[in-house]
1. Could you tell me which of the residues Asp114, Asp178, Asp174 is of a type in the set (Asp, Glu), touching a strand residue (DSSP E or B) at 6+ places or on another chain (Cβ under 6 Å) and surrounded by fewer than 18 Cβ atoms within 10 Å (Cβ to Cβ)?
2. Show the residue pairs that are 6+ apart or on different chains and have beta-carbon atoms under 8 Å apart, the first residue being within the range 83-94 and touching a residue at least 60 places away in the same chain (Cβ under 8 Å), the second being part of a strand (DSSP E or B) and basic (Lys, Arg).
3. Which condition number does Pro74 fail, the rest of (1) under 25 Å from Ser18 (Cβ atoms); (2) surrounded by fewer than 14 Cβ atoms within 10 Å (Cβ to Cβ) being met?
4. What is the number of the single condition among (1) farther than 13 Å from Ser100 by Cβ; (2) surrounded by 11 or more Cβ atoms within 10 Å (Cβ to Cβ); (3) among the polar types (S, T, N, Q) that Thr123 does not meet?
5. Return a yes/no flag: does the range 108-122 have any residue that is over 14 Å from the mean Cα position of the chain (by Cα), assigned to a strand (DSSP E or B), more than 25 Å from Cys10 (Cβ to Cβ) and touching a residue at least 40 places away in the same chain (Cβ under 8 Å).
Amino acid sequence: MKIWELNHDCTNYNSLLSDIELGYHGYIALSEGKYWNWKKLKMVKNDELPLSDTLGSDIGIPIFSKKAVDVLMPLIKKHVRINQLNFEEEYYAVHVKTISKAINYEKSEFIRFDNSKRIMRFTKYSFKLEKVRGIPIFRIIDKKRSEYPFVSDEFKKLVEENHLTGFEFKLVWDSEEDE
């Protein structure tokens with residue numbers, strides 16, 4: 001089994017910007033799925049690049065097109081909550097609800113903040129297979145506010161089979177290499 005970090009192709013495709021200053025508390029509310037007024041949060045294009053099926057943004061959570069939502073929701077519906085964005089085309093903010101305690105800290109490598117037990121960043125991931133098996137999209141407790149969730153092979157395969165654009169996948173763990 002492989003785990004991938006989901007990202008978006010910001011070199012070849014557009015990204016979105018919110019038209020209001022969210023501030024720290026607004027950003028935290030968005031990343032935790034608690035934003036209060038999606039209709040008020042108007043999104044605009046960042047540049048003249050084409051749109052894709054997933055877009056980067058300044059709101060810190062994945063954004064999917066209607067096509068991507070239609071393709072992926074049967075797989076991920078138990079693990080996400082979506083909200084339609086106030087944008088000229090039909091796009092959705094995708095809040096990943098599943099936060100897993102799947103990290104195998106003994107095999108992972110990471111850097112902690114000075115004078116803290118909190119993890120600043122991981123340099124190598126290792127997951128507990130029983131905690132990630134069957135979960136197509138999730139975040140981890142140590143990075144629960146990250147806009148880059150983790151996804152399974154099944155998620156990646158569905159994106160590729162349906163020719164969804166703008167998705168980038170970074171391999172972060174292979175269970176066969178972790179034995």
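Where a number appears in this text, it was derived from the coordinates with a stated rule and is not lab data. Since this is a predicted model, take the numbers as computed values, not measurements. Every residue, glycine as well, gets a Cβ built from its backbone with ideal geometry; the counts of neighbours run over all protein chains shown.
1. Just one listed residue meets the conditions, Asp174.
2. If the second residue must be part of a strand (DSSP E or B) and basic (Lys, Arg), the pairs left are Phe87/Lys42.
3. (1)
4. For Thr123, the exception is condition (2).
5. The answer is no; no qualifying residue exists.
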